[in-house]
Amino acid sequence: MKKIFGSLIVALFMSLSATGALRVASLHPLLSDMARCVGGEAVEVVDLFPQNGELHAFEPTSADLAAAAGAQLVLACGKGVEPYLQDLKDALPARSRIVELGRNVPDVNLPGCNIADPHWWNSPAAMKRASRALRAALEAAAPDMRDTFKQGQRSYASQMDTLIREARIAFSAIPPEKRVLVCSHAAMNHFCKEFGFTTIAVHGIAQESEGDTASLARILATLRKQAVPCLFHGVNEAPRVLQTIAAQVGATTRPLALDGIYPAAPTYAELFRFNIRNIAEGLTPQ
């Protein structure tokens, strides 16, 4: 990483873009959406994450960083999502700032262990909290635009409240004992805590993780016992493994944007509504 950053430092991190707007680079599409909502016309957002990238495999290239020339703030998820983040921090000049928007979001552990689920964006309440951290960072970088950022953050928070209400209505017909969310990997713990679901992950935190045979056997037994009607795979993943398991337990499968990356739903509102629609349709008793 340091070799990638070294030749780009001088050009990358000036304070303002040529248009006078505060230039903000983002390492995740949902953070880009948040920055546009909170910052409005006062910010120029540069997306570093490729449109069809994989969250746990992405690492910025020199071309990505060159595209962010002039960015004063770099938005990151934090919580270990970006393993390259320390190298990036070490390479930046003192005037540049990386903002880990997940830093102030309380951890939610995977069931039965002390490993935190880093996918905090699957909770609108967590996104609302993160938007306050973004507002503070924007105000510090461009204090003259404080009123714009205040208004933008309030509007974004209201949007998150609306999504929470919509989700609660959508899930109201799912009995508590049927609120079992089985996913291809462990990405929905923040969501499940917020909306009263229990979660079962076939694999680990990343979609590339693989479970062992004994764990899979226990999962199959649990799914049969609880008569889980639907299993959920990542929208950008091959569904074959989940379909094979579903066939063994008499369930169906549906996609979810587990990693917050779905080009067909580029805004948080669109992505979250995609998820709640699939969960509600998959788990509501017929």
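The values are calculated or read from the model by the stated rules, or taken from the named source; none is laboratory data. Not measured: the values here are computed from a predicted model. Here the Cβ positions follow ideal geometry from the backbone for every residue, glycine too, while neighbour counts run over all protein chains shown. These area figures cover heavy atoms from the full protein model, side chains too; ligands, DNA and RNA do not enter into them. Shrake-Rupley method; radii C 1.70, N 1.55, O 1.52, S 1.80 Å.
Which entry in (i) 21.2, 75; (ii) 19.9, 61; (iii) 22.7, 69 matches Rg and Dmax of the Cα atoms in Å derived from the coordinates of this structure? It is the one labelled (ii).
Give me the number: length gained by fully extending S62 to D90, i.e. 0.36 nm times residue separation minus the C-alpha to C-alpha distance, one decimal in nm. Going from the current span to full extension adds 8.5 nm. Exposed loop sites here mean GluC sites (Glu not before Pro) with a DSSP loop assignment and at most 14 other beta-carbon atoms within 10 Å; the chain contains its longest site-free run at 1-207. Only the Cβ atoms of Lys and Arg (+1) and of Asp and Glu (-1) were treated as charged; on that basis the dipole of segment 136-270 about its Cα centre amounts to roughly 600 debye. Counting every pair of alpha carbons in segment 106-220, the share spaced more than 23 Å apart comes to 44 percent.
At a probe radius of 1.4 angstrom, the accessible area of segment 116-178 per residue rounds to 47 square angstrom. For the chain, excluding the exposed loop sites themselves (trypsin sites (Lys or Arg not before Pro), DSSP loop, at most 16 other Cβ atoms within 10 Å), the longest remaining stretch covers 180-286. Taken over the chain, lysine pairs spaced eight or more positions apart, or on distinct chains, with alpha carbons under 19 Å apart number 9. Between K150 and R224, the contour length at 0.36 nm per residue exceeds the alpha carbon distance by 21.7 nm. For the set D90, D259, D147, the ranking by accessible area, highest first and with no ligand, DNA or RNA atoms included, is D147, D90, D259 under a 1.4 Å probe.
Label-to-label distance for E177 and T252 is 2.3 nm, based on points extended 7 Å past Cα in the beta-carbon direction.
Extension gain for E41 to E54 (0.36 nm times residue separation, less C-alpha to C-alpha distance): 1.8 nm.
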